[in-house]
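A short worksheet on the structure shown next.
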Amino acid sequence: MVDNQGERWYNCPLVIKVIFVCDKCHFLFSRAVRPEQCPDCGKYAVREASEAEQQEYEEHLKEFHGDGNG
């Protein structure tokens, strides 16, 4: 496809990331697919994060990226 300024762009499939947590080290992270092992400690104790853990992850992202106000 070509946009109105002559540049090409393509439809890309939407990648949905899921938030996971390690039950051993409590590391919160996101991935498109569930890993077998925790990327932080390497244990086989990864599960999908609960609602509260997902909110905690989002808060960490906000703190990491800042609010844009200096």
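The values are calculated or read from the model by the stated rules, or taken from the named source; none is laboratory data. Note that this is a predicted model, so its numbers are computed, not measured. Backbone-built Cβ (ideal geometry, glycine too); neighbour counts: all protein chains shown. The area values use the complete protein model at the heavy-atom level, side chains included, leaving out ligands, DNA and RNA. Shrake-Rupley method; radii C 1.70, N 1.55, O 1.52, S 1.80 Å.
How many of the residues making up the stretch 15-39 are over 14 Å from the mean Cα position of the chain (by Cα) and open to solvent by 100 Å² or more (accessible area, probe 1.4 Å)?
3
Of all residues in the stretch 21-63, how many are assigned to a strand (DSSP E or B) and aromatic (Phe, Trp, Tyr)?
Adding up the residues that qualify gives 1.
Quick check on this structure: which one of 57, 44 is out of contact with any helix residue (DSSP H, G or I) (no Cβ under 8 Å at 6 or more places or on another chain), touching a residue at least 24 places away in the same chain (Cβ under 8 Å) and hydroxyl-bearing (Ser, Thr, Tyr)?
Of 57, 44, the one residue that is out of contact with any helix residue (DSSP H, G or I) (no Cβ under 8 Å at 6 or more places or on another chain), touching a residue at least 24 places away in the same chain (Cβ under 8 Å) and hydroxyl-bearing (Ser, Thr, Tyr) is 57.
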